[in-house]
1. Take region 49-70 and flag every residue that is at pLDDT below 95, under 13 Å from the mean Cα position of the chain (by Cα) and more than 24 Å from residue 26 (Cβ to Cβ).
2. Which residue is modelled with the lowest pLDDT, if the candidates are limited to region 1-47 and must be assigned to a loop (DSSP other than H, G, I, E, B) and in contact with a His (Cβ under 9 Å, 6 or more places away or on another chain)?
3. What tally of residues in region 87-133 results from selecting those that are of a type outside the set (Gly, Ala, Ser), more than 19 Å from residue 77 (Cβ to Cβ) and assigned by TED's automatic domain parsing to the domain that holds residue 43?
4. Kindly provide the set of residues from region 89-138 that are over 18 Å from residue 46 (Cβ atoms) and polar (S, T, N, Q), ordered by number.
5. Of all residues in region 67-89, which are of a type outside the set (Val, Ile, Thr), on the phi < 0 side of the Ramachandran plot and touching a Ser or Thr at 6+ places or on another chain (Cβ under 6 Å)?
6. Could you check region 55-113 and list, in sequence order, the residues that are in contact with a Lys or Arg (Cβ under 7 Å, 6 or more places away or on another chain), buried (at least 17 other Cβ atoms within 10 Å of the Cβ) and of a type in the set (A, V, I, L, M, F, W, C)?
7. Would region 147-162 turn up any residue that is among the hydroxyl-bearing types (Ser, Thr, Tyr), modelled with pLDDT of 95 or more and at negative phi?
8. Within region 101-124, work out how many residues are in contact (Cβ under 8 Å) with a residue 40 or more places away in the chain and either more than 16 Å from the chain's Cα centre (by Cα) or assigned to a loop (DSSP other than H, G, I, E, B) (or both).
Amino acid sequence: MQYLLGKTSLTWELPPKVVSLPTSARDRIVFNDIEDGRAIAKLAGTHFNSECDVCVCRIRNGQRLGGYLYTDYTGESLSMHSASWAARWLNRNMVFIAFDYPFRQLRVKRIFGQTPEDNQPALEFNRKCGFKVIARIKGVYKGGVACIVTMMEPEDCRLLNVKPRVSAALSNGVPSRI
(Lines give C-alpha, C1' and ligand atoms only; values in the text may rest on other atoms or scores of the structure.)
Protein backbone atom coordinates (compact mmCIF):
# COMPACT_ATOMS: atom_id res chain seq x y z
CA MET A 1 0.00 0.00 0.00
CA GLN A 2 1.70 3.16 -1.18
CA TYR A 3 -0.16 5.84 0.76
CA LEU A 4 2.86 7.68 2.12
CA LEU A 5 6.25 7.30 0.54
CA GLY A 6 9.14 9.57 -0.02
CA LYS A 7 9.37 12.73 2.06
CA THR A 8 12.20 11.82 4.36
CA SER A 9 15.58 13.37 4.99
CA LEU A 10 17.21 11.11 2.39
CA THR A 11 14.54 11.02 -0.29
CA TRP A 12 12.75 14.37 -0.12
CA GLU A 13 12.64 16.00 -3.53
CA LEU A 14 9.45 18.07 -3.75
CA PRO A 15 7.78 20.48 -1.34
CA PRO A 16 5.63 18.54 1.15
CA LYS A 17 2.02 18.00 0.23
CA VAL A 18 -0.83 17.66 2.66
CA VAL A 19 -2.85 14.53 2.03
CA SER A 20 -6.04 13.80 3.91
CA LEU A 21 -7.66 10.36 4.08
CA PRO A 22 -11.29 10.45 5.15
CA THR A 23 -12.03 7.47 7.37
CA SER A 24 -15.59 8.62 8.06
CA ALA A 25 -17.67 11.74 7.53
CA ARG A 26 -16.13 13.41 10.58
CA ASP A 27 -12.87 11.52 11.10
CA ARG A 28 -9.76 11.78 8.92
CA ILE A 29 -6.05 11.11 8.91
CA VAL A 30 -3.86 13.95 7.65
CA PHE A 31 -0.29 13.53 6.45
CA ASN A 32 2.37 16.25 6.46
CA ASP A 33 0.35 19.28 7.56
CA ILE A 34 2.94 21.69 8.95
CA GLU A 35 0.70 22.99 11.74
CA ASP A 36 -0.20 19.45 12.81
CA GLY A 37 3.50 18.55 12.81
CA ARG A 38 4.39 21.54 14.97
CA ALA A 39 1.53 20.83 17.40
CA ILE A 40 2.50 17.16 17.77
CA ALA A 41 6.16 18.09 18.22
CA LYS A 42 5.35 20.67 20.90
CA LEU A 43 3.24 18.20 22.85
CA ALA A 44 5.86 15.45 22.43
CA GLY A 45 8.69 17.75 23.52
CA THR A 46 10.58 17.68 20.24
CA HIS A 47 10.84 19.65 17.00
CA PHE A 48 9.28 19.23 13.55
CA ASN A 49 11.17 20.11 10.39
CA SER A 50 8.73 20.13 7.47
CA GLU A 51 11.57 19.74 4.99
CA CYS A 52 12.64 16.31 6.21
CA ASP A 53 10.20 14.94 8.80
CA VAL A 54 6.86 13.21 8.24
CA CYS A 55 3.81 13.77 10.41
CA VAL A 56 0.55 11.85 10.66
CA CYS A 57 -2.38 13.30 12.60
CA ARG A 58 -5.88 11.99 13.31
CA ILE A 59 -8.54 14.70 13.27
CA ARG A 60 -12.20 14.41 14.25
CA ASN A 61 -14.68 17.26 13.85
CA GLY A 62 -11.80 19.63 13.14
CA GLN A 63 -9.99 18.79 16.40
CA ARG A 64 -6.62 17.05 16.61
CA LEU A 65 -6.86 13.79 18.54
CA GLY A 66 -3.24 12.66 18.30
CA GLY A 67 -0.47 11.78 15.94
CA TYR A 68 3.12 10.92 15.41
CA LEU A 69 6.26 12.20 13.76
CA TYR A 70 8.99 10.32 11.94
CA THR A 71 12.35 12.05 12.24
CA ASP A 72 16.06 11.30 11.83
CA TYR A 73 15.63 8.96 8.86
CA THR A 74 18.97 7.41 7.86
CA GLY A 75 17.89 4.74 5.40
CA GLU A 76 18.46 2.07 8.06
CA SER A 77 16.46 3.59 10.91
CA LEU A 78 14.31 6.49 12.06
CA SER A 79 12.96 8.00 15.26
CA MET A 80 9.26 8.03 16.09
CA HIS A 81 7.51 10.48 18.44
CA SER A 82 3.85 10.42 19.40
CA ALA A 83 1.50 12.70 21.30
CA SER A 84 -2.22 12.91 21.91
CA TRP A 85 -4.86 15.35 23.03
CA ALA A 86 -7.54 12.66 23.48
CA ALA A 87 -7.47 9.37 25.35
CA ARG A 88 -8.84 7.32 22.45
CA TRP A 89 -6.92 8.82 19.54
CA LEU A 90 -5.41 5.59 18.24
CA ASN A 91 -7.62 3.62 15.90
CA ARG A 92 -6.87 0.65 13.68
CA ASN A 93 -5.86 2.85 10.72
CA MET A 94 -3.42 4.90 12.79
CA VAL A 95 -1.85 1.73 14.22
CA PHE A 96 -1.51 0.30 10.71
CA ILE A 97 0.22 3.41 9.36
CA ALA A 98 2.45 3.74 12.44
CA PHE A 99 4.42 0.60 11.64
CA ASP A 100 3.62 -0.20 8.00
CA TYR A 101 5.15 3.06 6.79
CA PRO A 102 8.60 2.70 8.39
CA PHE A 103 8.99 -1.08 8.18
CA ARG A 104 7.30 -1.94 4.89
CA GLN A 105 7.53 1.22 2.83
CA LEU A 106 10.78 2.79 3.96
CA ARG A 107 12.16 -0.64 4.85
CA VAL A 108 14.01 0.56 7.91
CA LYS A 109 15.53 -2.09 10.11
CA ARG A 110 14.75 -0.34 13.38
CA ILE A 111 12.67 2.43 14.95
CA PHE A 112 14.03 4.38 17.90
CA GLY A 113 12.10 6.23 20.59
CA GLN A 114 13.08 8.56 23.41
CA THR A 115 10.78 8.82 26.42
CA PRO A 116 11.15 10.62 29.75
CA GLU A 117 11.64 8.05 32.49
CA ASP A 118 8.75 9.54 34.49
CA ASN A 119 6.26 8.92 31.66
CA GLN A 120 5.39 5.39 32.71
CA PRO A 121 2.17 5.10 30.64
CA ALA A 122 4.12 5.85 27.45
CA LEU A 123 6.92 3.45 28.39
CA GLU A 124 4.39 0.69 29.10
CA PHE A 125 2.57 1.34 25.82
CA ASN A 126 5.88 1.24 23.92
CA ARG A 127 6.80 -2.04 25.63
CA LYS A 128 3.45 -3.59 24.64
CA CYS A 129 4.03 -2.54 21.03
CA GLY A 130 7.39 -4.32 21.03
CA PHE A 131 9.93 -1.59 21.83
CA LYS A 132 12.87 -2.72 23.95
CA VAL A 133 14.87 -0.48 26.30
CA ILE A 134 18.42 -0.11 25.02
CA ALA A 135 19.72 2.81 27.09
CA ARG A 136 19.02 5.14 30.00
CA ILE A 137 20.60 8.58 29.82
CA LYS A 138 20.60 10.60 33.05
CA GLY A 139 19.56 14.23 33.22
CA VAL A 140 18.16 14.75 29.72
CA TYR A 141 14.83 16.32 30.68
CA LYS A 142 13.89 19.12 33.09
CA GLY A 143 14.33 18.27 36.72
CA GLY A 144 17.08 15.79 35.95
CA VAL A 145 14.66 13.21 34.53
CA ALA A 146 16.41 10.47 32.56
CA CYS A 147 15.70 9.61 28.94
CA ILE A 148 14.79 6.01 28.17
CA VAL A 149 15.93 5.10 24.66
CA THR A 150 13.96 2.28 23.07
CA MET A 151 14.31 0.36 19.83
CA MET A 152 12.04 -1.86 17.78
CA GLU A 153 12.92 -4.15 14.90
CA PRO A 154 10.25 -5.59 12.57
CA GLU A 155 10.33 -9.02 14.18
CA ASP A 156 9.62 -7.41 17.59
CA CYS A 157 6.66 -5.32 16.38
CA ARG A 158 3.49 -6.80 17.82
CA LEU A 159 1.29 -4.51 15.70
CA LEU A 160 2.90 -4.86 12.27
CA ASN A 161 0.17 -7.17 10.99
CA VAL A 162 -2.79 -5.02 12.06
CA LYS A 163 -5.01 -4.48 9.03
CA PRO A 164 -6.54 -1.06 8.33
CA ARG A 165 -10.30 -0.60 8.34
CA VAL A 166 -10.17 1.76 5.37
CA SER A 167 -7.77 -0.11 3.13
CA ALA A 168 -9.27 1.32 -0.07
CA ALA A 169 -8.54 4.88 1.07
CA LEU A 170 -5.02 3.88 2.06
CA SER A 171 -4.22 2.29 -1.29
CA ASN A 172 -6.28 4.10 -3.94
CA GLY A 173 -6.32 7.68 -5.08
CA VAL A 174 -3.54 8.83 -2.79
CA PRO A 175 -0.24 9.89 -4.35
CA SER A 176 2.56 7.41 -3.80
CA ARG A 177 5.04 10.27 -3.32
CA ILE A 178 4.11 12.83 -0.74
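The values are calculated or read from the model by the stated rules, or taken from the named source; none is laboratory data. The shown structure was predicted, so the numbers you read here are calculated from the model rather than taken from an experiment. Using ideal geometry, Cβ is built from the backbone for each residue, glycine included, and neighbour counts are taken over all protein chains shown.
1. Within region 49-70, 53, 54 meet the criteria.
2. Step one: filter region 1-47 for residues assigned to a loop (DSSP other than H, G, I, E, B), giving 1-18, 23-26, 32-33, 45-47.
Restricting the remaining residues to those that are in contact with a His (Cβ under 9 Å, 6 or more places away or on another chain) gives 45-46.
Working: 45: 89, 46: 92.
The residue in question is 45.
3. 9
4. 91, 93, 105, 120
5. Matches in region 67-89: 68, 73, 79, 81.
6. 57, 59, 65, 89, 94, 96, listed by residue number.
7. In the first step, residues of region 147-162 are kept if they are among the hydroxyl-bearing types (Ser, Thr, Tyr); the result is 150.
Adding the requirement that they be modelled with pLDDT of 95 or more leaves 150.
Then keep just the ones that are at negative phi; that gives 150.
Checking region 147-162: at least one residue is among the hydroxyl-bearing types (Ser, Thr, Tyr), modelled with pLDDT of 95 or more and at negative phi.
8. 3
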